Amino acid sequence: MANVFDCESRRDSPTVKSGCSAASYSMGRLYTKYQIWFGNRLMIPRVPAWCLQIVRTCTWTRVLSLGVTLVSLWYFGGKGLAWLRDTSARDRRAGEQLFVHEWQPDDAWSVRGDGLGPVFNARSCVACHFQGGTGGGGSLQQNVATFEVLPTTLNPVPSGGVIHQFATQTDWQESLDTVHAIFPIVRKQTAATGRYRSRVATSDPVVQHTINTPTLFGAGTIDRIPASSIREQYTRRLEAGKETGLAIVLEQGEVGRMRILSDGRIGKFGWKAQFATLEEFVAHACAVEVGLSTPTVKQHSPQKHCEDSDAELDLTQRQFGQLVAFVAGLPEPRLILPDEPSEQPQVLRGRELFSEIGCASCHTPEMGDAKGVYSDFCLHDLTDADTRNDDFEFYPRDLQIPLPENYPKVSEWKTPPLWGVGQTAPYLHDGSAGTLLDAIKAHAGEGEIVRKQFVSLPKPDRDSLVKFLESLRMNSTD
């Protein structure tokens, strides 16, 4: 085939040579306009005029920026992605070292701060998070003393904190007395009635709790659950409630509620769902439980039960990021069937019963991409007059100032994820249930209907349901 670009013998020829099509002529004219010819041989391509115009109108910084972008795309498309993967793995390993490190006062690992303390509950993260492996829950011995401050005329804003178990100096030791020094008991005046005088009971705004250490397995997956998934599940439960074992409770309007934080986000972490993200949860744990100041949360001042704004950093931004990366990378627990085939049907039967009697209404099996998480991440009140703590029973009935609408009641607690529950005894927020059976039987209030459904089951079915829960684990051995 003849070269179509031979049609034009000279650049300005007005006519098409014989035997050439108009299209061939046009292509040849366009091509030769931007080429340098040497005889009949093409040597060096010319830069099109429109390209030269762009270069002339763009600043050199824009051209450089374009070049950097193209190089970056090439780099991160190959070696760059591998480098990022290696960096993430190194960060997680460094984060694990921080997680298991036993901190000391003036620790060498502290960048500018004072290391451990000055008030703390443990010397390392793993000291409390160890059941089922590094990152699991804690035993009853690791329980933490916390408190809530209900609103009064003196302190109208509700708050809370921790009574630290240890201090680096003996005169810094905290107690309920140090809390009352900040939030005193409200003493009401004596009222006269005829010849008799009667004193109205005083009101203590401070409510004490003991909190069990939660597991951190699967925390990264929980962190990625979108708020929309929690909202949608809550709405579905409202709409379909009368078809579940919670029908009577739903008719009374007691269906739990999402924890809406002051900035509008939905809480997912902490027994009161007080943290929206894993990063916030980890920062708070570092500062409060170990006494390590991070870039976002500072350690507490002794006996003041609040952050020390002047404290120097114990962890740099990078170190803190590494610690969060390690916790976020902890694996998800799963359902592990018994090795003995004859025992597997019992576990599967228990899983069916878990949904049939209404447990799955609050312990939702799936939430977003968290498969097998078994939590709705909502607040629920599982207490009644027989199980409520007498130490605070009287006060919430006589609040001088009502709690804010989105603030949890004293007896409301977040539904804990059940994955890994087979290795995280004791149970409930305070660890008061030593076994899974005890935990089920302790469900009152909003859980009363389901508890009765469970109790009414034949014993083999009750055993199957408990066996199912025991099979939600990190591994097949303790």
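Coordinate-derived values only; no laboratory data. Just so it is clear, the model here is predicted, and its values are computed rather than measured. Cβ atoms come from the backbone with ideal geometry, glycine included; neighbour counts cover every protein chain shown.
Values computed for the structure shown
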quantity: Extension reserve of the Q173-D310 stretch, reckoned as 0.36 nm per residue once the Cα distance is removed; calculated: 47.3 nm
quantity: Flagged links, alpha-carbon separation over 23 Å, of K371/K459; K268/K409; K441/K467; K371/K414; calculated: K371/K459
quantity: Diffusion constant of the stretch 213-365 at 37 °C, which comes from Stokes-Einstein with the Kirkwood Cα-pair radius and 0.692 mPa s, µm²/s; calculated: 177
quantity: Inter-label distance, nm, simple model (7 Å from Cα along the C-beta direction), T235/L348; calculated: 3.6
quantity: Environment charge of T277, counting only residues whose C-beta is closer than 9 Å and scoring Lys/Arg +1, Asp/Glu -1; calculated: -1
quantity: Formal net charge of residues neighbouring I230 (Cβ-Cβ distance under 14 Å; K, R +1; D, E -1); calculated: +4
quantity: Neighbour net charge for Q142 - beta-carbon separation under 14 angstrom, K R +1, D E -1; calculated: -1
quantity: Stretchable slack from K459 to A444, in nm (0.36 nm times residue separation minus alpha-carbon distance); calculated: 3.4 nm
quantity: Spin-label pair L154/A89, simplified geometry with 7 Å Cα→Cβ offset, distance in nm; calculated: 5.9
